[in-house]
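The values are calculated or read from the model by the stated rules, or taken from the named source; none is laboratory data. Predicted model, so just to flag it, every value in this text is computed and none were measured. Don't worry about glycine lacking a Cβ; one is built from the backbone with ideal geometry, like all the others, and counts go over all protein chains shown. Side chains included, ligands, DNA and RNA excluded: accessible areas come from the protein's heavy atoms. Shrake-Rupley method; radii C 1.70, N 1.55, O 1.52, S 1.80 Å.
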Amino acid sequence: MSAEQIAFEAPEIMIDRPTHYCPGCHHGIAHRLVGEVLTEMGLVDETLCVGSIGCSVFIYNYLNVDAVEAPHGRAPAVATGLKRARKDKFVFTYQGDGDLASIGMAEIVHAANRGERISVVFVNNTVYGMTGGQMAPTTLIGQKTTTCPGGRCADREGSPIRMSEIIGGLGGTAYCERASLDSVKNIRRAKKAIRKAFEVQQQGIGFGFVELLSGCPTNWRMDAVAANKRITDEMIPYFPLGVYKDVTAEGGCECSESKEDK
């Protein structure tokens with residue numbers, strides 16, 4: 001019998017405790033990536049995390065950083081206040097699609113447009129997770145939820161909102177990228193995207209935004225393998241991966257995938 005081998009070490013910033021997230025949920029992967037980037041950038045002791053309402057709020061149970069819980073949708077507004085009061089701190093929000101793209105739409109749009117020196121990690125799983133699987137602004141056409149059991153209809157509920165395209169088109173946005181957590185290749189790319197969204201804040205350039213396509217097997221009523229496949233086959237075609245704005249690179253205002261990902 002071969003001995004167990006550790007594939008990778010968790011960053012010290014991560015709190016060693018059992019996860020409460022459902023099997024196959026991608027929040028744990030997102031937490032690890034954020035933790036690794038904060039550690040590698042030497043920001044652990046200088047970080048202020050703003051948690052939103054929803055499954056995403058529990059990030060403060062898993063990352064050992066100072067954290068503030070914001071009212072529903074208001075994380076960018078709270079982060080704005082924190083950053084303006086403590087310019088010496090690194091401030092980021094961690095939000096789900098129901099929180100950011102629904103009740104928090106005004107806050108995220110205006111924070112990005114003003115070019116607030118904050119970073120946003122946006123987890124898009126196309127559904128309200130914590131509250132029971134209701135339709136979110138990002139729910140795909142035909143996707144069944146507890147509030148649209150027959151499937152989302154474009155004529156009745158409108159089309160799913162593409163947040164990266166919106167944020168990337170705003171003047172104050174310095175960096176905006178959509179990544180995915182459905183495969184090892186995409187997870188590696190997601191980490192690079194998170195780092196870039198953090199760097200533009202640290203360099204005082206502007207607003208950083210990274211969207212992470214993720215799975216919610218419980219509310220999608222499928223297992224983890226099927227959830228990953230759904231991201232690949234259904235979400236990515238509607239929510240294309242790539243950089244939607246990068247003011248640090250020439251021609252960075254249009255969606256483009258990096259050469260290494262092609």
Heavy-atom accessible area per residue of segment 27-246, all protein chains kept, 1.4 Å probe, expressed in Å², is 37
Listed by chain and number, the lysines with an alpha carbon less than 20 angstrom from that of Lys144, same-chain partners under 8 positions apart left out, are Lys229
Cross-link reach from Lys185 to aspartates and glutamates, straight Cα distance under 12 Å and at least 8 residues apart if same chain, gives Glu260, Asp261
Helix-only [θ] at 222 nm, the chain, -39500 (n - 2.57) per DSSP H run of 4+, per residue, nearest 500, equals -8000 deg cm²/dmol
Given GluC sites (Glu not before Pro), DSSP loops and at most 16 other Cβ atoms within 10 Å, the longest exposed-site-free stretch of the chain is 13-249
If every Lys and Arg gets +1 and every Asp and Glu gets -1 at its Cβ, then about the Cα centre segment 40-111 yields a dipole, in debye to the nearest 20, of 300
Rounded to the nearest 5, the percent of antiparallel DSSP beta bridges in the chain equals 20
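Once you keep just the Cα pairs under 8 angstrom separated by 6 or more residues, what percentage relative contact order results for the chain? Walk me through the numbers on the way to the answer.
On the way: 538 pairs, mean separation 45.6, N = 262.
Over the chain, the number comes to 17 percent.
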Restricting to aspartates and glutamates and to Cα separations under 16 Å from Lys245, and discarding same-chain partners fewer than 8 apart, the set is Glu116, Glu165, Glu177, Glu199, Glu211, Glu254, Glu257
The percentage of the accessible area of the chain (probe 1.4 Å, all protein chains present) made up of carbon and sulfur atoms, to the nearest whole number, is 53
